[in-house]
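Structure first, then comments.
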Amino acid sequence: MPFNTALTRKLGIRIPVVQGGMQWVGYAEMAAAVSNAGGLGIITALTQPSPEDLRKEIQRCRSMTSNPFAVNLTLLPAMVPPDYGAYAKVVLDEGIRIVETAGNSPGPIIKQLKEATPPCVILHKCTSIRHAMSAVKLGVDFLSIDGFECAGHVGETDITNFILLSRARQTMPVPFIASGGFADGQGLAAALSLGAEGINMGTRFMATVEAPIHQNIKQSIVDAQETDTELVLRRWKNTSRLFKNKVTEQAVKIEKESTTGKFEEVGPLVSGKRGRQVFLNGDPDYGVWTAGQVIGLIHDIPTCEDLLARIETEAIDTLSKASSLIVDEQPPADIAGKKIGEKSDPRDEGTSIAKSKL
């Protein structure tokens, strides 16, 4: 039973679930598996060392699925920033017309993507309403509203999705999807009820058969509690939610106790290269890696097909149950008890005993 939301209509997908653009996870096999299962798979551009490598990855993904998939372009501060324009050109040259953007100053890239023929459909990820409104002015088609529960960059406003999504519903002139804290069909139903057109899942897709990461890391997610994440780099206003391990504990200790406040003191611990090795060697304590609070809701490692089928069924069932709560006539209360004065009332029994003693 397909969904009918602005997201499914625009993108041509069956289930309104988007796979997050995860660094070192968003490879072709991940994206293809999600797209084949009815959602929107995403290749993460910067997992590829060059624009030409991205071209090969897009072509590899196309060989594995005939369904729509997207590419993520995240713009982050760097001493030597990647050639984002060249990556975007490859996206356009390869005929990709769905792009997830995120990060700082996306205006030039969004302009480049929108000037294509036909123009790209752009999903832009934001952690605050203020940033979302700025993205609307740039011409994005969908906003991906990223709550404080999410993995990775959480922003600095600490607003959770229950409030953030309602604020988006009240203020956003373009459709939006919900990101951060989603792992099941009940979450999808809740997001739709709050005004979203679908959901974005990252951590949940890491714990799937097709996720191109070590089995030990998938099992670490399954075994974790919702309390097993850590906020790191808050001191430098680059707050990231990471899986709590020995390295994040060291990083947080330095962050809190450093008298100089120099990023160089913590830099080697939060190195992305070191974090990438975690997914390859399977040691969850080797480096830092992103995970959302949703890890507390993840209890298995299914295929993407089984996961999305389950989410679809759960969401439909949840929405149907919610609809059944609306009735034509209010039913009588079932906790009214018996009227005062009836013999079975303990207070009356006490009164009778008292009278018998008079």
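Being of a type in the set (Val, Ile, Thr), closer than 19 Å to Leu164 by Cβ and modelled with pLDDT of 95 or more is true for just one of Ile122, Ile96, Ile110, Ile129. Which residue is that?
None of the others qualify; the one that does is Ile129.
Here is a check on your reading of the model: is Ile301 β-branched (Val, Ile, Thr) and closer than 14 Å to Arg204 by Cβ?
Spelling it out, Ile301 is indeed β-branched (Val, Ile, Thr) and closer than 14 Å to Arg204 by Cβ.
Could you please tell me which pairs satisfy a Cβ distance under 7 Å, a separation of 6+ or placement on different chains, a first residue in the stretch 52-64 that is charged (D, E, K, R), and a second residue that is surrounded by 15 or more Cβ atoms within 10 Å (Cβ to Cβ)?
Arg55/Val90; Arg55/Glu94; Glu57/Tyr27; Glu57/Ala28; Glu57/Ile43; Glu57/Gln48; Arg60/Ala28
Restricting the search to the stretch 32-42, which residues are farther than 12 Å from Ile15 by Cβ, buried (at least 24 other Cβ atoms within 10 Å of the Cβ) and more than 15 Å from the chain's Cα centre (by Cα)?
Once the filter is applied, which keeps residues that are farther than 12 Å from Ile15 by Cβ, buried (at least 24 other Cβ atoms within 10 Å of the Cβ) and more than 15 Å from the chain's Cα centre (by Cα), the stretch 32-42 yields only Ala33.
Picking from Ser220, Ser193, Ser179, which residue would you name as being out of contact with any Leu (no Cβ under 9 Å at 6 or more places or on another chain) and over 12 Å from Gly292 (Cα atoms)?
Selected residue: Ser220, the only one of Ser220, Ser193, Ser179 that is out of contact with any Leu (no Cβ under 9 Å at 6 or more places or on another chain) and over 12 Å from Gly292 (Cα atoms).
Checking Ser50 against (1) over 18 Å from Pro16 (Cα atoms); (2) crowded, with 19+ Cβ neighbours inside 10 Å, which single condition isn't satisfied?
If we test Ser50 against (1) over 18 Å from Pro16 (Cα atoms); (2) crowded, with 19+ Cβ neighbours inside 10 Å, just (2) comes out false.
Out of the residues in the stretch 158-186 meeting the condition of being touching a helix residue (DSSP H, G or I) at 6+ places or on another chain (Cβ under 6 Å) and either of a type in the set (D, E, K, R) or not assigned by TED's automatic domain parsing to the domain that holds Leu307 (or both), tell me which one is surrounded by the most Cβ atoms within 10 Å (Cβ to Cβ).
Per the criteria, the residue is Asp184.
The values are calculated or read from the model by the stated rules, or taken from the named source; none is laboratory data. Note that the structure is predicted; figures quoted are calculated from it, not measured. FYI the Cβ positions are ideal-geometry reconstructions off the backbone, even for glycines, and counts take in every protein chain you see.
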